[in-house]
1. Looking at (1) touching a strand residue (DSSP E or B) at 6+ places or on another chain (Cβ under 9 Å); (2) under 15 Å from Gly115 (Cα atoms), can you tell me which one Ile229 breaks?
2. Being more than 15 Å from the ligand (Cβ to nearest atom) and either crowded, with 17+ Cβ neighbours inside 10 Å or closer than 22 Å to Asp147 by Cα (or both) is the filter here; which residues of the stretch 28-37 pass it?
3. Residues that are within 13 Å of the ligand (Cβ to nearest atom), assigned by TED's automatic domain parsing to the domain that holds Val200 and touching an Asp or Glu at 6+ places or on another chain (Cβ under 8 Å): list the strands (runs of 3 or more DSSP E) wholly contained in the stretch 67-165 that include at least 1 such residues.
4. Would you be able to say whether some residue in the stretch 70-78 is closer than 19 Å to Leu207 by Cβ and over 18 Å from the mean Cα position of the chain (by Cα)?
5. Please go through the stretch 24-41 and give me each residue that is hydroxyl-bearing (Ser, Thr, Tyr) and under 21 Å from the mean Cα position of the chain (by Cα), ordered by number.
6. With the structure loaded, tell me whether Glu121 is within 26 Å of Ser25 (Cα to Cα) and of a type in the set (D, E, K, R) or whether it fails that test.
7. Right, Val200: more than 13 Å from the ligand (Cβ to nearest atom) and surrounded by 15 or more Cβ atoms within 10 Å (Cβ to Cβ) or not?
8. Which of (1) over 27 Å from Arg204 (Cα atoms); (2) exposed (fewer than 14 other Cβ atoms within 10 Å of the Cβ) is the odd one out, the single condition Ile133 does not satisfy?
Amino acid sequence: MSTDELNPPLLPVEFEQLRAIMYASVGIALQVGKEELIRTRLLKRLRELRMGSFVTYIAFVQTPPGRKEFSTMVDLLTTNKTNFFREEAHFDFIKERVLPTHRNERRPVIIWSAGCSSGEEPYTLSMILRDAIPEPTYSKCRILATDLSTIVLAKAKVAQYDELNVADVPPEIQSKSFVPSPPVDGIRRYEVKPEVRKIVTFGRLNLNQAEAWPMRGPFDLIFCRNVMIYFDDPTRERLVNRFAELLSPGGFLFIGHSESLSSLKTGLRYVKPAVYEKV
Ligand SMILES: C[S@@+](CC[C@H](N)C(=O)[O-])C[C@H]1O[C@@H](n2cnc3c(N)ncnc32)[C@H](O)[C@@H]1O
């Protein structure tokens, strides 16, 4: 039988095992009803590894030689979708409410992008800081960008994006922020300029790891957008309260516009959709 013909079902007991592993390791609660989607996402990997059943795969990712495969599995089961200037209302809010004070007081802005995916979010933040905050204060600003996935982090560090990605950047910022490279196979790539990159530091962090987070803060702004959608309420509540501890008074937490904290007990004050303040 060729590997393409391997087409095992994902049995209910296997789905439950996957759910349990993902929840315990990274806090992601796979949804009942999404079994077929999950099976499709993993099937290609099973074929590549010539494994004929999910039970074999699940057992493998839990062994020491399967540790790397475990990260691949997590990548396949999460969504890394992102883009430059995504949910632009947040960047307008920062320009209006946050940056004028920092500019006037010549105070650097310290930001954490938690769940930064391939880097578009932290680089967008750097671009708007560079646009609004003159030197030498801009060079003292810091953006920490973390994600669980080493694959997206590698892409973020390379900082090269194709024309379609860059089309989301307003033209006046685009020309100041990217260097175009000659087209390869008809596709032009754009590299984020060193001046934009220099204040951004990438690192791997599982937000749901058992150990304490290594960063101390305080942060003026924390972005955790479209990440907690995977987590259940107790996990989200614990995370948001940890973010709150790391925010400076008057600092803001930004979540995705499709998310809400209204069902959680947090010390943060609602400001406007997807924006919360530490008072
Ligand atoms: C949909 S992307 C969001 C990217 C960006 N924040 C945005 O809104 O455009 C979600 C990211 O969260 C990351 N993620 C999921 N679970 C995580 C966890 N437990 N710890 C850290 N990052 C996680 C995924 O790897 C993915 O890159």
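1. For Ile229, the exception is condition (1).
2. Glu35
3. Filter on the stretch 67-165 gives 110-114, 142-147.
4. Yes: the stretch 70-78 contains one or more residues that are closer than 19 Å to Leu207 by Cβ and over 18 Å from the mean Cα position of the chain (by Cα).
5. Answer for the stretch 24-41, where residues must be hydroxyl-bearing (Ser, Thr, Tyr) and under 21 Å from the mean Cα position of the chain (by Cα): just Ser25.
6. yes
7. yes
8. Going through the list (1) over 27 Å from Arg204 (Cα atoms); (2) exposed (fewer than 14 other Cβ atoms within 10 Å of the Cβ), Ile133 breaks only (2).
The values are calculated or read from the model by the stated rules, or taken from the named source; none is laboratory data. Keep in mind it's a predicted model, so treat the numbers as computed, not measured. Cβ sites come from the backbone with ideal geometry, for glycine too, and all protein chains shown count toward neighbours.
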